[in-house]
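Worksheet: the structure to be examined is printed underneath.
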Amino acid sequence: MLTLEGLTLTGGAGDGRAGGAVHAEGDVVIRDSALIGNTLRGSGGGALFSGGAVAVDGFATLSGVTFDDNAVTAGPRDRAI
């Protein structure tokens, strides 16, 4: 399990189905953090779940997380989750 707490993840760039800032092959917990300005060039969500900031192949637990200005530049246009 990957746990991220009190972080700001910005400017991540993923290609295909990987996350720009984090690509986890298991469960992820993110607390009191911000995912800002991350981009995925492919299909999926802009910030989470094969997205610009985080790609998760498992369960994701979020608490106190801010998403802002995340984007997908090709494929479906889900920006946050």
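Listed values, structure above:
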quantity: Total residues in the range 3-26, condition in a loop (DSSP other than H, G, I, E, B) and at pLDDT below 90; calculated: 10
quantity: Counted residues, the range 45-64 - those being over 15 Å from residue 24 (Cα atoms) and either modelled with pLDDT under 80 or surrounded by 21 or more Cβ atoms within 10 Å (Cβ to Cβ) (or both); calculated: 1
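The values are calculated or read from the model by the stated rules, or taken from the named source; none is laboratory data. Since we're looking at a predicted model, the values are computed, not measured. Positions of Cβ are generated from backbone atoms using ideal geometry, with glycine treated the same way; all protein chains shown enter the neighbour counts.
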